[in-house]
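Asks: I am attaching a structure below and will ask some questions about it afterwards.
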Number of protein chains: 4
Amino acid sequence: MAVSGVLRPGFVQLRVLDMEKALWHYQTIIGLKIVSTGDDGRVYLRAFDEFDRHSVVLRPSDSAGIDCTGFKCDGEAFLLGAEKALEQRGVKTEWVAAGEQPGMGTRLRVHMPTGHLLDFYADAELSEFAPMTRNPHVFREPPAGAGAIRFDHCLLYGTNVAGAFEILHDVFGFELSEHLEDPTGQPLAIFLTASNKAHDIAFVEHPEPGKFHHASFLVEDWAAIGHAADLMAVYDVPVDIGPTRHGITRGKTIYFWDPSGNRNEVFAGGYTFYPDQPKRSWEFEQAGPAVFYYEKKLNETFLPVVT
Amino acid sequence: MAVSGVLRPGFVQLRVLDMEKALWHYQTIIGLKIVSTGDDGRVYLRAFDEFDRHSVVLRPSDSAGIDCTGFKCDGEAFLLGAEKALEQRGVKTEWVAAGEQPGMGTRLRVHMPTGHLLDFYADAELSEFAPMTRNPHVFREPPAGAGAIRFDHCLLYGTNVAGAFEILHDVFGFELSEHLEDPTGQPLAIFLTASNKAHDIAFVEHPEPGKFHHASFLVEDWAAIGHAADLMAVYDVPVDIGPTRHGITRGKTIYFWDPSGNRNEVFAGGYTFYPDQPKRSWEFEQAGPAVFYYEKKLNETFLPVVT
Amino acid sequence: MAVSGVLRPGFVQLRVLDMEKALWHYQTIIGLKIVSTGDDGRVYLRAFDEFDRHSVVLRPSDSAGIDCTGFKCDGEAFLLGAEKALEQRGVKTEWVAAGEQPGMGTRLRVHMPTGHLLDFYADAELSEFAPMTRNPHVFREPPAGAGAIRFDHCLLYGTNVAGAFEILHDVFGFELSEHLEDPTGQPLAIFLTASNKAHDIAFVEHPEPGKFHHASFLVEDWAAIGHAADLMAVYDVPVDIGPTRHGITRGKTIYFWDPSGNRNEVFAGGYTFYPDQPKRSWEFEQAGPAVFYYEKKLNETFLPVVT
Amino acid sequence: MAVSGVLRPGFVQLRVLDMEKALWHYQTIIGLKIVSTGDDGRVYLRAFDEFDRHSVVLRPSDSAGIDCTGFKCDGEAFLLGAEKALEQRGVKTEWVAAGEQPGMGTRLRVHMPTGHLLDFYADAELSEFAPMTRNPHVFREPPAGAGAIRFDHCLLYGTNVAGAFEILHDVFGFELSEHLEDPTGQPLAIFLTASNKAHDIAFVEHPEPGKFHHASFLVEDWAAIGHAADLMAVYDVPVDIGPTRHGITRGKTIYFWDPSGNRNEVFAGGYTFYPDQPKRSWEFEQAGPAVFYYEKKLNETFLPVVT
């Protein structure tokens, strides 16, 4: 398959209220490693099994939430084509200069109708601690914390999810893998993929734009989910829900909060997506099992908590 | 991602010496279900999480081995383009008529230089027992046996692996995810993917053409591998090796034989492949851990056993 | 260790409202097998890894709840000594005739101050489907449903838990492995063991006598807990809580209900108890994590639901 | 159950050739922590879930192997009674002074006919890092390495296994849980327990006395066995066999060597032993699956490797 376009979620930039506590959390609980610290106070981290230089950027701020999330693409040409297509649609874009994040090339920043900033870029420096490739071991050293394999995706809340779908599908080639309908049968929550993963990004319709639900990290399996739950209990990390499973995507999951109130997820499993297969959908009355498959009902916090 | 081309391994057709024993094996051990039986004695089976009508075809014969394996593609146009490109390269092809396997469309059959037949097709009937898509449960009923999720890939032994690579890469868009070198540094074993999976097919260079190493089935995780090992012990299924892990692809695995001597694999895990990332390779001296990561050496049967 | 006394929880007799639904549940979800049906309508079942004839007795009734639970002991003499000791303490006992449950010897029935009937017996017929003992396989055939290994214990609610402790400790040699204090520091919930298991029976102080909280079945590990959760979701079994972990005993668990409203548990893990080690205890303020370690709070149903 | 007698395997003292390498191994691979170092160079370690001060003693030496292994008992009286009974049988004993290992009380040392020294003792200091007992967490900090829960047992090779059985059964109350027969039907390998564990010690008949097969450490489950296998591969720890399962005891296992050539085991699972149940046995022809259940044959190293 001559892949052309979006490869994968590449990074998320989150705002944190207390960097020291944040770094403890992302290292000890999630298992990331610090890559570097910028002059502006941003700290760059990565998971042990990622090739690119960093995947999580923490920015000191007095409000939590998401700044932007980015997708690694193959080919500068793809970005230029996307820019033109977005211009024709009247979608606001801008170019973020190479090096705005260390080691990252120019990013095409898209102002999504949901109120979020999505960045698309083709160049990222290879990490010096990237997975081995010559007679490679499964890891260089035992993963820490929950053993996050990679930053995997974001779930975002905002306005005009239908508009977000159009952009990501028509311009960037994302497919809808699964969705939850609102009471009128319109998409309330959509799960989009640019790969064989069950989702690479997801949106929930919400009256306020630009809200953040969670940033998710892949772990190995259900046993790793159990270990993560133990870690959170021992270290008193506030847990939203889990260990449980999502009906949508089938991911096994824990939702929990970082010390600033940004929701994180560790998850494992989920089906393999192929675009020729029938799409999965959930009627509104089944929103409970759609989101929390074992509990069969939403919890009070299945709403964004930070702006 | 505007996927264009090969989607996934879609089926494998194996020859079996004793259909009754074979059906016991593929149902009780691997966990497949019978879909239908053809007038020519071929039996069609599928795994519980597959959408297409069938994925395993067993053909009664007096010699074991592989007849062919097929790849589901998106678009008849892709097949026509491939046919032309192969013609230009002098690779023999032919069209297998729609319905030669029930529910399957026309297949472009490629005579590979390794001595194998690879089929590429764009149409396959949706299984009436396909995974649910409206308010879907994770399964319709508990998976049997080892809980095979899907037919995943084949490993084939044959001549001119380099030629096979050219065809699959240049014409069909497969990427080399990982390879093992021979003592001169040339590819001895190659692992190719048309997706984000670590491999969709693999070849090992061998003096005899058309040999079959194994057909592999995905299971959920390492716990499922353990359960499969118990099943094989209790039912006295001959095991080649495992539970162990491959260095190549990182898959956790058991190799075992069906009653006709066709090697099967159940495996779980493995990394997610992205074409922009550095490729993994193994030098010949590390063939042991490359293939059997825990044992660190090849076993006497890492050679095809059936023709 | 010359074991003398109580060996293990041997059976539980539960009342069910609809035998057909109950049998579906205990077979399909928990994985028990029917052993026999009595003239009085009682149905006897066992788990695949138990040696004794049966471990679960379902009695048709118009009210759910527990009739009695029994402990296998070694030696008739132990029972006679216990009878005498209980007489001296003024605890009401009686003998249940051999054969009252098929294959079971005489049972010393103790009327506990909590309002429950506990039976102690020394003889039980060996199951003809007992685990293999000559060149034994790990199972005779793959476990069904959640794969219950054995009936493991009951949790009972009732009056005068302190009185129950005295009888079980002083007369029957149970040890307190762990307990939860009430606000005054007195035992509110006690976990007792006659073995190296973290608990063989447990009691919670409650204003009403003779209440039933749950009957528990051991499964292999956290992966089995996950599989059980999937089964319950797919078959729409009402779940109380879980998958989660108990702080007390450390067991990984799901609480769920049978079709009559009897709470069941599947659990895995938990520490090994030794009587020389310091005992674990929880203050009342920590009742949440003591019971539900991940949620850190009790749920509304942590109370008996049937009488 | 009024426990009286042997509680559990309490420690093993092994000889190591290079203390620095040994400490790396027992910490990084097995996950033990150093407790203290003695003036004589012995280093004391413990697993994270053990209450007693230490469970592994490494003694610098120019030959590897086992010095002795000890069992924690309840009651000095039991030891005095055992001493007398052994004297009557003509078994050589001696008292090891309290404090010979720091924090340990007087040990009754038994010279076994197999050529091994077994110590029995009633007092051991509580570790200051023992598991929490007041509102206890499941661990104080995440377990390292393979996550060893405790030192679990030894397997010893030597002469006159029948004599060892008599002493341990008749004097110390061990039960035979399972055994492998020699070609004449006599016990060739015996597995003994003083608890509900499938084994607390095991012996294999061998022409040379005093040989050491392995010291075993419990880990949580099959997932932990997989993680241990990865660690051993990454850190190039020589592995004897595994991941696999034993037919005897059903334990899931890896055998591997410490840097001095002492064989270690990490294992999980195994049945719960009750003395009233039929005993398991294996005929000589089934020695393969008895020892290595998945491979179904012994390997060349199922013999002691150090003296």
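Asks: Among the residues of region D:132-146 satisfying the criterion of being within 9 Å of another protein chain (Cβ to nearest Cβ) and of a type in the set (A, V, I, L, M), which is surrounded by the fewest Cβ atoms within 10 Å (Cβ to Cβ)? Outline the logic, then answer.
Replies: First, the residues of region D:132-146 that are within 9 Å of another protein chain (Cβ to nearest Cβ): D:132-142, D:144-145.
Among the residues that remain, those that are also of a type in the set (A, V, I, L, M) are: D:132, D:138, D:144.
Details: D:MET132: 14, D:VAL138: 19, D:ALA144: 17.
Per the criteria, the residue is D:MET132.
One line per residue, one yes/no per condition, for (1) part of a helix (DSSP H, G or I); (2) touching a helix residue (DSSP H, G or I) at 6+ places or on another chain (Cβ under 6 Å):
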| position | (1), (2) |
| --- | --- |
| A:GLY99 | no, no |
| A:PRO113 | no, yes |
| A:PHE139 | no, no |
| A:ALA148 | no, no |
| A:PHE165 | yes, no |
| A:PRO183 | no, yes |
| A:ALA189 | no, no |
| A:PHE217 | no, no |
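Asks: Could you please let me know if D:GLN13 is away from chain C (no Cβ under 14 Å), at pLDDT 95 or above, surrounded by fewer than 23 Cβ atoms within 10 Å (Cβ to Cβ) and assigned to a strand (DSSP E or B)?
Replies: Yes: the conditions hold for D:GLN13.
Asks: Might you check whether a residue that is without any contact (Cβ under 8 Å) to a residue 24 or more places away in the chain and either over 29 Å from D:ALA224 (Cβ atoms) or small (Gly, Ala, Ser) (or both) occurs anywhere in region C:168-175?
Replies: For region C:168-175, residues without any contact (Cβ under 8 Å) to a residue 24 or more places away in the chain and either over 29 Å from D:ALA224 (Cβ atoms) or small (Gly, Ala, Ser) (or both): present.
Asks: If I ask for residues that are touching a residue at least 12 places away in the same chain (Cβ under 8 Å), out of contact with any strand residue (DSSP E or B) (no Cβ under 7 Å at 6 or more places or on another chain) and β-branched (Val, Ile, Thr), which ones from region C:124-166 would you list?
Replies: C:THR159, the sole residue that qualifies.
Asks: I've got another one for you. State which residue is surrounded by the fewest Cβ atoms within 10 Å (Cβ to Cβ) when the search covers only region C:1-10 and only residues that are touching a residue at least 12 places away in the same chain (Cβ under 8 Å) and hydrophobic (A, V, I, L, M, F, W, C).
Replies: C:LEU7
Asks: Identify, from the list C:PHE129, C:PHE78, the residue that is within 14 Å of another protein chain (Cβ to nearest Cβ), in a loop (DSSP other than H, G, I, E, B), hydrophobic (A, V, I, L, M, F, W, C) and over 21 Å from the mean Cα position of the chain (by Cα).
Replies: Details: C:PHE78 fails: in a loop (DSSP other than H, G, I, E, B).
Checking each option against the conditions leaves just C:PHE129.
Asks: If D:PRO102 meets every condition in (1) within 14 Å of another protein chain (Cβ to nearest Cβ); (2) within 30 Å of D:PRO136 (Cα to Cα) apart from one, which number is that one?
Replies: Evaluating D:PRO102 over (1) within 14 Å of another protein chain (Cβ to nearest Cβ); (2) within 30 Å of D:PRO136 (Cα to Cα) leaves (1) as the failure.
Asks: From the list C:ALA233, C:ALA215, C:ALA224, C:ALA202, pick out the single residue that is without any contact (Cβ under 8 Å) to a residue 24 or more places away in the chain and touching a strand residue (DSSP E or B) at 6+ places or on another chain (Cβ under 8 Å).
Replies: C:ALA233
Asks: While we're on this one: Given the structure, is B:SER61 among the polar types (S, T, N, Q) and within 14 Å of another protein chain (Cβ to nearest Cβ)?
Replies: Details: among the polar types (S, T, N, Q): yes; within 14 Å of another protein chain (Cβ to nearest Cβ): no.
No; evaluated as a whole, the condition is false for this residue.
Residue-wise test of (1) of a type in the set (Val, Ile, Thr); (2) assigned to a strand (DSSP E or B); (3) facing another protein chain (nearest Cβ under 8 Å); (4) surrounded by 20 or more Cβ atoms within 10 Å (Cβ to Cβ).
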| site | (1), (2), (3), (4) |
| --- | --- |
| B:PHE212 | no, yes, no, yes |
| B:ALA223 | no, no, yes, yes |
| B:ASN264 | no, yes, no, yes |
| B:LYS297 | no, no, no, no |
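Asks: Of the residues that make up region C:202-214, is at least one within 28 Å of C:PHE139 (Cα to Cα) and of a type in the set (Val, Ile, Thr)?
Replies: Scanning region C:202-214, I find no residue that is within 28 Å of C:PHE139 (Cα to Cα) and of a type in the set (Val, Ile, Thr), so the answer is no.
Asks: Tally the residues that are more than 8 Å from every other protein chain (Cβ to nearest Cβ), assigned to a helix (DSSP H, G or I) and in contact (Cβ under 8 Å) with a residue 12 or more places away in the chain, restricting the search to region A:273-295.
Replies: Residues that pass the stated criteria total 3.
Asks: Can you pull out the residues in region C:41-75 that are part of a loop (DSSP other than H, G, I, E, B) and more than 20 Å from C:GLN13 (Cα to Cα)?
Replies: Across region C:41-75, the qualifying residue is only C:GLY75.
Listed here are the residues, each with its yes/no results for (1) surrounded by 19 or more Cβ atoms within 10 Å (Cβ to Cβ); (2) within 18 Å of C:ARG59 (Cα to Cα).
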| site | (1), (2) |
| --- | --- |
| C:GLY70 | yes, yes |
| C:GLU76 | no, no |
| C:LYS84 | no, no |
| C:GLY90 | no, no |
| C:GLU94 | no, no |
| C:GLN101 | yes, yes |
| C:MET104 | yes, yes |
| C:LEU108 | yes, no |
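Asks: Go through region C:23-51 and give me each residue that's touching a Pro at 6+ places or on another chain (Cβ under 6 Å), surrounded by 18 or more Cβ atoms within 10 Å (Cβ to Cβ) and among the small types (Gly, Ala, Ser).
Replies: Matches in region C:23-51: C:GLY31 only.
Asks: Collect the residues in region A:20-53 that are charged (D, E, K, R) and more than 17 Å from the chain's Cα centre (by Cα), keeping them in residue-number order.
Replies: In the first step, residues of region A:20-53 are kept if they are charged (D, E, K, R); the result is A:20-21, A:33, A:39-40, A:42, A:46, A:49-50, A:52-53.
Selection gives A:GLU20, A:LYS21, A:LYS33, A:ASP39, A:ASP40, A:ARG42.
Asks: May I pose another question? What number of residues within region D:147-170 are aliphatic (A, V, I, L, M) and within 10 Å of another protein chain (Cβ to nearest Cβ)?
Replies: Of region D:147-170, the ones aliphatic (A, V, I, L, M) are D:148-149, D:155-156, D:161-162, D:164, D:167-168.
Still in the list and also within 10 Å of another protein chain (Cβ to nearest Cβ): D:149.
Residues meeting the conditions: 1.
Asks: Follow-up question, since we're still on this one. Assess whether D:PRO243 counts as being modelled with pLDDT of 95 or more, more than 16 Å from the chain's Cα centre (by Cα), facing another protein chain (nearest Cβ under 10 Å) and surrounded by fewer than 24 Cβ atoms within 10 Å (Cβ to Cβ). First the steps, then the outcome.
Replies: Working: modelled with pLDDT of 95 or more: yes; more than 16 Å from the chain's Cα centre (by Cα): yes; facing another protein chain (nearest Cβ under 10 Å): yes; surrounded by fewer than 24 Cβ atoms within 10 Å (Cβ to Cβ): no.
Here the answer is no, as D:PRO243 does not meet what is asked.
Asks: Is one or more of the residues making up region D:245-254 of a type in the set (Gly, Ala, Ser), outside any strand (DSSP E or B) and touching a Gly at 6+ places or on another chain (Cβ under 7 Å)?
Replies: Within region D:245-254, the subset of a type in the set (Gly, Ala, Ser) is D:247, D:251.
Filter again for outside any strand (DSSP E or B), leaving D:247, D:251.
Narrowing the set further to residues that are touching a Gly at 6+ places or on another chain (Cβ under 7 Å) leaves D:251.
Yes; the residues of region D:245-254 include at least one that is of a type in the set (Gly, Ala, Ser), outside any strand (DSSP E or B) and touching a Gly at 6+ places or on another chain (Cβ under 7 Å).
Asks: For region B:192-210, give me the residue count where each residue is part of a strand (DSSP E or B), within 13 Å of another protein chain (Cβ to nearest Cβ) and not aliphatic (A, V, I, L, M).
Replies: Number of matching residues: 1.
The values are calculated or read from the model by the stated rules, or taken from the named source; none is laboratory data. Every value quoted in this text rests on a predicted model; they were computed, and no experiment measured them. Note: ideal-geometry Cβ built from the backbone for every residue, glycine included; neighbour counts use all protein chains shown.
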